[in-house]
Amino acid sequence: QEMGISEQLSHRPIHDQLFYLSRRDRKRMQSEYDIQSYRIVQRAGDMVVIPAGCPHQVRNLSACVKVAMDFVSPENVHRCLELVNEFKLLNSGHHLSEDKLQLHAMLYHAL
C-alpha cells in the first residue's frame with residue numbers, strides 16, 4: 001500500500017517481485033520487525049546458495065549471465081511442497097503460478 005501498487009499484488013509480496021527493498025527498507029525491517037537481512041556481493045566465479053523458501057532479491061550491478069538450478073534434498077522436500085502449494089494459490093496470470101520447480105515430476109523420477 002505504501003508504494004501505491006496494492007491492486008497489483010496477490011497478497012504474497014515475496015512472490016510478486018514488483019518492488020526492490022532498498023537499504024532504508026532493510027534497516028526498517030530490522031528496527032521495526034527484528035528481521036535480519038544480508039547483502040551479498042557476488043563476484044566472478046562465486047556461487048551463492050539460497051535455501052528453499054528463503055526470500056531474496058537480486059540487483060545486477062553490471063551485465064551478467066544468470067545460471068540457476070533448483071536442488072531438492074530429502075531434508076527439504078516438505079518445504080518445497082509448501083512452496084509449490086503457495087504458488088498454486090497465486091492468480092492464474094502470475095508469473096509464478098505455474099509449477100516451475102516441477103517437484104512432483106522430480107519425485108516421480110527419483111523413485
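The values are calculated or read from the model by the stated rules, or taken from the named source; none is laboratory data. Given the structure is predicted, the values throughout are model-derived calculations rather than measurements. Ideal geometry is used to build each Cβ from the backbone, glycine not excepted, and the neighbour counts take in all protein chains shown. Note: accessible area is taken over every heavy atom of the protein model, side chains too, but ligands, DNA and RNA are not part of it. Shrake-Rupley method; radii C 1.70, N 1.55, O 1.52, S 1.80 Å.
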Among the residues of segment 65-97 satisfying the criterion of being farther than 20 Å from P55 by Cβ and modelled with pLDDT under 80, which is most open to solvent (accessible area, probe 1.4 Å)?
S92
Do we have any residue at all in segment 39-52 that's closer than 30 Å to L107 by Cα, surrounded by 12 or more Cβ atoms within 10 Å (Cβ to Cβ) and under 15 Å from the mean Cα position of the chain (by Cα)?
yes
Taking the residues in segment 53-64 that are under 18 Å from the mean Cα position of the chain (by Cα) and closer than 22 Å to S22 by Cβ as candidates, determine which candidate is most open to solvent (accessible area, probe 1.4 Å).
R59
